[in-house]
1. So how many residues does the stretch 37-68 have that are farther than 16 Å from residue 209 by Cα, surrounded by 18 or more Cβ atoms within 10 Å (Cβ to Cβ) and out of contact with any strand residue (DSSP E or B) (no Cβ under 6 Å at 6 or more places or on another chain)?
2. Can you tell me how many residues within the stretch 113-123 are touching an Asp or Glu at 6+ places or on another chain (Cβ under 8 Å) and surrounded by 19 or more Cβ atoms within 10 Å (Cβ to Cβ)?
3. If I ask for residues that are part of a loop (DSSP other than H, G, I, E, B) and within 16 Å of the ligand (Cβ to nearest atom), which ones from the stretch 83-105 would you list?
4. Tally the residues that are within 24 Å of residue 141 (Cα to Cα) and within 16 Å of the ligand (Cβ to nearest atom), restricting the search to the stretch 42-82.
5. Evaluate the following for residue 112: is it more than 16 Å from the ligand (Cβ to nearest atom) and not basic (Lys, Arg)?
6. So which of 75, 97 ends up being of a type in the set (Gly, Ala, Ser), free of Cβ contacts under 8 Å to residues at least 60 places away in the same chain, under 16 Å from residue 292 (Cβ atoms) and out of contact with any Lys or Arg (no Cβ under 6 Å at 6 or more places or on another chain)?
7. With the requirement that a residue be in a helix (DSSP H, G or I), buried (at least 19 other Cβ atoms within 10 Å of the Cβ), acidic (Asp, Glu) and within 16 Å of the ligand (Cβ to nearest atom), what does the stretch 184-237 give you?
Amino acid sequence: MYSIARLCGIALLLGLLAALLLKNMLLGDSVDFHRHKALLIGVDGVQYEQLKQAIDAGHAPVIAALRPMMTYTGGMVGTATQQTTFSGPGWATVLTGAWADRHRIASNDSGLRIKTDSLFKLISLSSPTRHTASIVSWNPINDNFADDISAGFIELGVKCGGDDQCATERTVQELRTGNFDFIFVHLDQPDDAGHENGFGPGYQDAIAKTDKQIGLILDALGKRKRENADEDWLVMVTTDHGRRLPDGYDHGEQSRSEKTAFIGLNKPANEQLTQPISDPDNPALNGLYGLASEADVVPTILTHLGINTDPQRYTIDGVPLIGHVGVRQLGASLNAEKRTVELRWRVTEGSKQPLRIYRAGQLIAKLTDSSSQYIDSDLPQPIGQLNYTVVFNEVPVSVLVSDKSVKR
Ligand SMILES: [Zn+2]
């Protein structure tokens, strides 16, 4: 027999439970991230000023509508992040959020395989119901990510062998009838035109033709969104590298024009994209490193998809371009003699929570003041490679420190 008091207790408990359930239903996860999807359009070898010229002439209205902003690629000259401004390393950064010291795609060799987690893998592992596709005109991209294809992290991998029409049509088809949560589509024609003719009417024409193909893809997406009003699509457009001045035939080196890229998107961007840092720590290349970078694409897409990667396992160098920024300009320098690592960063927004620092997955500091640096003097022996992650406003950003970093 239950006593009255006990029954009242149970009733109270049930009432509390019901109230909690109701609260969760009303206030809890009101955003259903499983209806959030992303389309990333990569256009090879588009130099920023040439894109602006095409936009100003009215020849690239579709890209223009995504408000492309200048970014940089190729890592930081003279550090372990430096990578050639070729397509292999460039697309590896776009699709991993990391530089060559992590992804290890140092050239256009299609035999290379990425050595860090890809966007495809992170999306795929976040939920068994999420599906990804990589549809590329330049085949070596899907070769570099072949391990993702064999592991099923990329469920649909299509190589179009330089045929942009094939990549466009396949993407349109998948948007019409497929059920992908993330599609990467790569178009190659501007890079081809640049290598063939340099800057000039042929290159401008290639940008205009590519813009029309992106238009076909976005028309298909528009139709899909009308039929599936609950889907919320992030659309991003970017490139893998710029081109060498003055003629635009080539790329691969570390000039400002070759390292200049762009990112456009269909959502309001945060200050990382819209308000470049005017006095970056490294002022080289006329302040290029104050801009957003190609490593920022991955965290932006993860943010839109609501994928919160555990900060203890976080290894992404970029910063999200939507929502909270986290810290910007994160840098690290190792003093091997003193056995210290100095971390530096910029904060351009407030936070109610302390800033947290992780070294190799372990929480090593919580800072409540507006610090912009931290010195870690508790380094393991040997130092080897250390991944640091700084979490601010619940946004993680990582940087890799190595005692074998060769300055190139
Ligand atoms: Zn090229």
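Each value in this text was obtained by applying a stated rule to the coordinates, not by laboratory testing. In this text the structure is predicted, and so the values were computed from the model without any measurement. Neighbour counts run over all protein chains shown; Cβ positions are idealised from the backbone, glycine included.
1. Result for the stretch 37-68: 0.
2. Matching residues across the stretch 113-123 total 5.
3. 83, 84, 85, 86, 105
4. 10
5. The answer is yes for residue 112.
6. Going through 75, 97 in turn, just one is of a type in the set (Gly, Ala, Ser), free of Cβ contacts under 8 Å to residues at least 60 places away in the same chain, under 16 Å from residue 292 (Cβ atoms) and out of contact with any Lys or Arg (no Cβ under 6 Å at 6 or more places or on another chain): 75.
7. 191
Yes/no per residue for (1) among the polar types (S, T, N, Q); (2) in contact with a helix residue (DSSP H, G or I) (Cβ under 6 Å, 6 or more places away or on another chain):
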site: 105; (1), (2): no, yes
site: 120; (1), (2): no, yes
site: 125; (1), (2): no, no
site: 179; (1), (2): yes, no
site: 185; (1), (2): no, yes
site: 194; (1), (2): no, yes
